[in-house]
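Peer 1: The structure is given below, and queries will be raised subsequently.
The values are calculated or read from the model by the stated rules, or taken from the named source; none is laboratory data. Because the structure is a prediction, the values reported are computed rather than measured. Ideal geometry is used to build each Cβ from the backbone, glycine not excepted, and the neighbour counts take in all protein chains shown. What goes into the accessible areas is simple: the full protein's heavy atoms, side chains included, and nothing from ligands, DNA or RNA. Shrake-Rupley method; radii C 1.70, N 1.55, O 1.52, S 1.80 Å.
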Amino acid sequence: MAVSDQDMATGIWNAAEGDEADARPHLGPRQRWARRKAILQQAAVLLLVAAVAVFVIRNTVVNLQARGLASGFDFLRQEAGFKMAFSLIAIDPTSTYGRIFLAGLLNSLLVAALAIVAATMLGFAVGLARVSPSAPVRYVARGYVELVRNLPLLLHLLLWQAVVLRSLPVVREAIGLGGFAFLSNRGLYLPAPVAGDAKAMVVAVAVATGIAAIVAGWSIRSRAQARGEAPPRLGLVLAAGGLVSNAAAIALLDWQVPVLAGFDFRGGLKLMPEFVSLVAALTIYNSAFVAEIVRAGVQSVARGQREAALALGLPPKLILRLVIVPQAMRVIIPPLANQYTHLIKASALATVVGFPDLVNVFLGTSLNQTGRAVEIAVITACVYLALSTSVALATSAYGRRVKLVER
Amino acid sequence: MTANASISVRSLSKWYGSWRALRDVSMDIEGGTCTVLCGPSGSGKSTLLRCLNGLEEWQEGDVVIGGVPVGYRAGELRRLRRDVGMVFQSFNLFPHLSVLDNVTLAPRIVRRRGRRESEQHAMQLLERVGVGQHAAKLPSALSGGQQQRVAIARALAMRPSILLFDEPTSALDPESVKEVLDVMIDLARSGTTMAVVTHEMGFARRVAGRVVFMDKGSIVETGEPDEFFDCPCTDRAKAFLGNIARN
């Protein structure tokens, strides 16, 4: 329905007269002025941003040309000519810069993923200990948090590096862990399945279904427990079946145990000490912040909630799990996401101890060798932006799920 | 049943730091009766009520419920609280659980009842307090009076022998007050042992067996509702009743 300016201007005053006037959105002179102002302001900001972007890009191109520097992304297909001390995909001197980028990215992701999982678990434990009814437990947790979060992350990293490197024996005297794994100042040696086996696919599928079955069984069990019912047999069967299928799959693989040969171990998987100290430092440092986030979340839950649960005769552990933590999650999620993005970016400190993460091998070595500073910096920046954004999206999706309607 | 549901408070004293909240309080509540606790704010009536199910700790004296002294170990308190339901001023429903789950949570976990059985019982209770049609909603979707009636159903779901009410209508608008009081009157008439902290004189007159008036941590006066409201013996009670009548 077309509404003339005259109608809109007087709409507010006519509103009370009938239902039709009530239903119409009112656009008075104030609203129209506000809208015009908003459009003007946004256009001005857009123009400014575009002008800056044009200036920066033009300036970069002109300067690169003036110095005779090559530009473009063709270098990604060139041979890099260097090896990586640790990579999840095979890297040799004939590997391209593109493959180096991928290997570095995978290393960064591995470090970040391990540290996020470990820091979250440790942080939740310490955070809940911070609000424990037992005073000694609270004090120990408090001491841990204050000690850990008030030291620089870099110090943590160097400390761990010193501990791992200096205090462990040389390879010849490596500490044997059951004869299958070995720990020395060159790193942690683990048995690994021999790659390229025809069985590998079958085994991978078996392990995946096994894990899925365990998770399904466990969630059926815990959901029943939360309702206070006896765990249904299906959950138990699923979990047991998953365990058996996993064990069978793992036994079927050809495991290669690291063997001491000459100056180093051969075979198996070698985790560099730099890897171990990086993951340890990121985990410990961030766990203290996660602990504080969890504590704040738990304390944000109204005291009456605990009292109501107590008055019903619920045991303290279930009060925490069924009443307090689900409500605390609403407060915990946003700063937790913040902490995760911080951790992902801090994993770039790998460079300091010489672990070949994305920044080390790509923004470092690759940039030095190719001189494509702009391209490499842009790619690296985009990677971290994408990672942080996906963390934000994932957590806000989870946050929407646990969000409560305002009380 | 009624003998089991008697409450006896003997020489109860409680300090918050150096401030004395309860001074040598003694009272008896017979099984199957309703007792109203009233008094000015800070008089210790809520504190006394919260001692009855061990939500508050005290320093001296005893609370005996159904012949058993209220202990202070966690296990003893949990067993006691299964049989003593409580309704709070601010409802304290679990906001992340549906109305039905709020009511069935404790019976399932503490009483180990099956899902179907506890849901059937919960629906009966919700119908009884008049909010059956809201069972699937979250508490925040309900009005204050509806939430408080759900809270009463939640307490009843444990099949308690005693119900404690801590200013159950103080956070409600006048229309909701009536909804909640009607439910409470119904409960009192069905012979539930009740201790109610409230200023609702109409409620006290209709169903209370006794009114306990407290001031500054002591019981100043007790009596039948009609005699207490019509001709209070003490000056303090006269002044208090004069004040609430004026408002």
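Peer 1: Work out the FRET efficiency for A:Val49 and A:Ala261 from their Cβ-Cβ distance, taking R0 = 56 Å, and round it to the nearest 0.05. Let's see the in-between values first.
Peer 2: On the way: r = 60 Å, r/R0 = 1.07.
About 0.40, to the nearest 0.05.
Peer 1: Where Lys and Arg each count +1 and Asp and Glu each count -1, what net charge lies around B:Pro40 among other residues with Cβ under 10 Å from its Cβ?
Peer 2: Net charge around B:Pro40: +2.
Peer 1: To the nearest 20 debye, what is the magnitude of the charge dipole of chain A about its Cα centre, counting +1 on the Cβ of each Lys and Arg and -1 on the Cβ of each Asp and Glu?
Peer 2: Numbers: 37 positive and 21 negative charges, 161 e Å.
That gives a dipole near 780 debye.
Peer 1: Hey, can you rank A:257-268, A:61-72, B:208-219, B:53-64 by average C-beta count inside 10 Å, highest first?
Peer 2: B:208-219, B:53-64, A:257-268, A:61-72
Peer 1: Measure out, as a whole number of angstrom, how far apart the alpha-carbon centroids of region A:26-48 and region A:281-340 sit.
Peer 2: 43
Peer 1: Which Cα, out of B:Leu80, A:Leu46, A:Ala308, lies furthest along the positive dipole direction of the protein assembly as shown (beta carbon charges, K/R +1, D/E -1)?
Peer 2: Checking the options against the dipole of the protein assembly as shown, the answer is A:Leu46.
Peer 1: Continuing with this model, one more query. Partner chain Cβ atoms within 10 Å, averaged over the residues of B:103-113 - can you pull that number for me? Intermediate results must be reported in sequence, preceding the final value.
Peer 2: Numbers: counts 0, 2, 9, 8, 2, 5, 12, 6, 2, 3, 2.
Partner Cβ neighbours, averaged per residue: 5.
Peer 1: Given a cut-off of under 8 Å on Cα pairs at least six residues apart, what relative contact order in percent is computed for chain A?
Peer 2: 19
Peer 1: Considering chain A as a Gaussian network with a 10 Å cut-off on Cα pairs, which listed residue, A:Glu375, A:Glu173, A:Glu274, attains the greatest mean-square fluctuation?
Peer 2: A:Glu173
Peer 1: Say we join alpha carbon atoms closer than 10 Å with springs in a Gaussian network model of chain B; which of B:Ala171, B:Ala136, B:Ala151 then has the biggest fluctuation?
Peer 2: So, out of B:Ala171, B:Ala136, B:Ala151, the one fluctuating most is B:Ala136.
Peer 1: Within the accessible area of chain A, what % is carbon and sulfur when the probe is 1.4 Å and the other protein chains stay in place?
Peer 2: Of the solvent-accessible surface of chain A, carbon and sulfur hold 67 percent.
Peer 1: Which of rounded, prolate or oblate describes region B:6-86 when judged by the alpha-carbon gyration tensor and an a/c cut-off of 1.5?
Peer 2: Oblate, since a/c reaches 1.5 and b/c is not below a/b.
Peer 1: Counting pairs of alpha carbon atoms under 8 Å apart in space and at least six apart in sequence, what relative contact order in percent does region A:200-344 give? Can you show the working numbers first?
Peer 2: Numbers: 113 pairs, mean separation 26.6, N = 145.
It rounds to 18 percent for region A:200-344.
Peer 1: Identify all aspartates and glutamates with a Cα-Cα distance to A:Lys83 below 17 Å; exclude those on the same chain that are fewer than 8 residues away in sequence.
Peer 2: Straight-line reach from A:Lys83, under 17 Å: A:Asp92, A:Glu274, A:Asp357.
Peer 1: Add +1 for every Lys or Arg and -1 for every Asp or Glu among the other residues with Cβ under 12 Å from the Cβ of A:Tyr97, and state the total.
Peer 2: Summing Lys and Arg as +1 and Asp and Glu as -1 gives 0.
Peer 1: Continuing with this model, one more query. Taking only protein heavy atoms into account and a 1.4 Å probe, give the accessible area per residue of chain A in Å².
Peer 2: 57
Peer 1: Quick one, could you list the DSSP H helices from chain A stretching 27 Å or more along their long axis (Cα atoms) with average Kyte-Doolittle hydropathy of -1.0 or above?
Peer 2: Going by DSSP H runs, the hits are A:29-66, A:97-130, A:199-226, A:233-252, A:273-300, A:325-346, A:373-402.
Peer 1: Which of the trypsin sites (Lys or Arg not before Pro) across region B:56-137 are loop residues per DSSP, with 12 or fewer other Cβ within 10 Å?
Peer 2: Counting only loop positions with at most 12 other Cβ atoms within 10 Å, the trypsin sites (Lys or Arg not before Pro) in region B:56-137 are B:Arg73, B:Arg112.
Peer 1: Next up: Quote the relative contact order of chain B in percent (integer), defining contacts as alpha-carbon pairs under 8 Å separated by 6+ residues.
Peer 2: Once normalised by length, the contact order is 26 percent.
Peer 1: Give me the summed buried accessible area for the A-B pair, 1.4 Å probe, to the nearest 100 Å². Walk me through the numbers on the way to the answer.
Peer 2: Working: alone 24240 and 11910 Å², together 33910 Å².
So the buried area, both faces added, is about 2200 Å².
Peer 1: Still on this structure, please answer the following. Test of understanding: in a Gaussian network model of chain A with alpha carbons linked when under 10 Å, which of A:Arg142, A:Arg99, A:Arg303 would top the mean-square fluctuation ranking?
Peer 2: Of the options given, A:Arg303 has the highest mean-square fluctuation.
Peer 1: Cα centroids of region B:136-203 and region A:102-169: how far apart, whole angstrom?
Peer 2: 48
Peer 1: If you count, for every residue in A:298-307, the Cβ atoms of partner chains within 10 Å of its Cβ, what is the mean?
Peer 2: Per residue, the average neighbour count from other chains is 3.
Peer 1: Considering only protein heavy atoms and a 1.4 Å probe, what is the carbon-and-sulfur percentage of the accessible area of chain B? Before the final figure, lay out each step's value.
Peer 2: Values: 4850 of 10800 Å².
Whole-percent figure for carbon plus sulfur exposure: 45.
Peer 1: Here's a follow-up. Run the reach check for B:Lys45 against lysines, Cα to Cα strictly under 21 Å, same-chain hits fewer than 8 apart removed. What comes back?
Peer 2: The reachable lysines, counting only those whose Cα sits under 21 Å from B:Lys45, are B:Lys14, B:Lys216, B:Lys238.
Peer 1: Shifting gears a bit: Return the average number of partner chain Cβ atoms within 10 angstrom of each residue Cβ along peptide A:312-324.
Peer 2: Mean partner-chain Cβ count within 10 Å for A:312-324: 5.
Peer 1: Now for a different question. Within a Cβ distance under 15 Å of A:Ser184, other residues only, what is the Lys/Arg minus Asp/Glu net charge?
Peer 2: Summing Lys/Arg as +1 and Asp/Glu as -1 gives +2.
Peer 1: Report, ordered by chain and residue number, the aspartates and glutamates lying within cross-link reach of B:Lys137, taken as a straight Cα distance under 14 Å and ignoring same-chain residues fewer than 8 apart.
Peer 2: Answer for B:Lys137, where 14 Å is the Cα cut-off: A:Glu406, B:Asp101, listed by chain and number.
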